[in-house]
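Below is one structure, written out as structure tokens; comments come after it.
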Amino acid sequence: MILQFDLFAPYSDRLVHGITTRQFGSFNGSEIGYGDQLKKLEEATGLRPAFPIQIHSDSILKIVDSPKVRPEADAFVTQSKNVPIGVKSADCQGILFFDPVRNAIAATHSGWRGSAQNIIGKTVERMKSEFGTDPNDLVVGIGPSIGPCCLEFTDPEKELPAHLHPYVKGRNLDFWSLSLDQLKGAGVKNIEIKAVCTKCNPDRFYSHRNKDTGRMALFIGLK
Ligand SMILES: [Zn+2]
């Protein structure tokens, strides 16, 4: 099964996107490890997205063609048609960006480490500098991730940087509010968040904190 963002529906003439679920199967390990999944995705959607090797950084790469070798990064941005891009997540967030005016896209992976570095805000900045994107035009979808119910730390005040402390409630981090605020702080207004916890919904999603090794894929491509 593949989920979609409602906010992207009006653009289906020029945009393909989706979020795979547990029912679709796992994207994990190396390219070789999920080659069959890529094939299955291609059969289902006509797309074979490029995925970076995710390193919990704030590294954002602009790509023009599908890379032959997967680069280390946590986001791709592109204006190229037929160069679909994607990220993988379990408890982390996958965030898809579409600028319908400049016809540009981005796919970003953000765990709490990426959030601490505001890779979400930096993705918006990069789209501005690369494509002339106005954040007012952006349409952004945040995929399912671990919720405020379950993102618990042993000692959040020590483990998390000070600028995340306002999002700590008890020993839990409200990852959803944090990402929404980072997007709003970057000037984005059109946001859809799949506010469904991956750990609480093992029937549909993989969760690192449920000791799953599986990953969901979020992908987006310009036709
Ligand atoms: Zn939960």
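The values are calculated or read from the model by the stated rules, or taken from the named source; none is laboratory data. None of the values given here were measured: they were computed from a predicted structure. Cβ: placed from backbone, ideal geometry, glycine included. Neighbour counts: every protein chain shown.
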Just name the residue that is farthest from the ligand (Cβ to nearest atom) out of those in the range 147-171 that are among the hydrophobic types (A, V, I, L, M, F, W, C) and not in a strand (DSSP E or B).
-> Ala162
Within the range 182-202, the residues that are surrounded by fewer than 18 Cβ atoms within 10 Å (Cβ to Cβ) and more than 14 Å from the ligand (Cβ to nearest atom) are Lys184, Gly185, Gly187, Lys189, Asn190, Ile191, Glu192
Please enumerate the residues belonging to the range 207-223 that are surrounded by 17 or more Cβ atoms within 10 Å (Cβ to Cβ) and either among the β-branched types (Val, Ile, Thr) or more than 30 Å from Asp65 (Cβ to Cβ) (or both).
-> Ser207, His208, Asn210, Asp212, Ile220
What pairs come up if the first residue lies in the range 94-121 and is in contact (Cβ under 8 Å) with a residue 12 or more places away in the chain and more than 10 Å from Thr133 (Cβ to Cβ), the second is among the charged types (D, E, K, R) and buried (at least 24 other Cβ atoms within 10 Å of the Cβ), and their beta carbons are under 6 Å apart, counting only those six or more places apart or on different chains?
-> His109/Asp74; Gly114/Asp74; Ile119/Asp74
With the range 32-134 as the region, which strands (runs of 3 or more DSSP E) entirely inside it contain at least 1 residues that are of a type in the set (Gly, Ala, Ser) and surrounded by fewer than 17 Cβ atoms within 10 Å (Cβ to Cβ)?
-> none
Select from the range 170-223 the residues that are in contact with a Ser or Thr (Cβ under 7 Å, 6 or more places away or on another chain) and of a type in the set (Ser, Thr, Tyr) and list them in ascending order.
-> Ser179, Thr198, Tyr206, Ser207
Would you be able to say whether some residue in the range 169-181 is within 19 Å of the chain's Cα centre (by Cα), under 30 Å from Leu3 (Cα atoms), small (Gly, Ala, Ser) and surrounded by fewer than 17 Cβ atoms within 10 Å (Cβ to Cβ)?
-> yes
Given (1) surrounded by fewer than 17 Cβ atoms within 10 Å (Cβ to Cβ); (2) touching a residue at least 40 places away in the same chain (Cβ under 8 Å), index of the condition Lys158 fails = (2)
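Hey, can you tell me all the residues within the range 185-222 that are basic (Lys, Arg) and touching a residue at least 12 places away in the same chain (Cβ under 8 Å)? Steps first, please.
Taking the range 185-222 as the starting set, the residues that turn out to be basic (Lys, Arg) are 189, 194, 199, 204, 209, 211, 215.
Lys189, Lys194, Lys199, Arg204, Arg209, Arg215 - these are the residues of the range 185-222 that are basic (Lys, Arg) and touching a residue at least 12 places away in the same chain (Cβ under 8 Å).
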If only one of Gly86, Gly94 is in contact with a His (Cβ under 7 Å, 6 or more places away or on another chain) and away from the ligand (no atom under 16 Å from the Cβ), which one is it?
-> Gly94
Filter result (at pLDDT below 95 and hydroxyl-bearing (Ser, Thr, Tyr)) within the range 59-96 = Ser66, Ser89
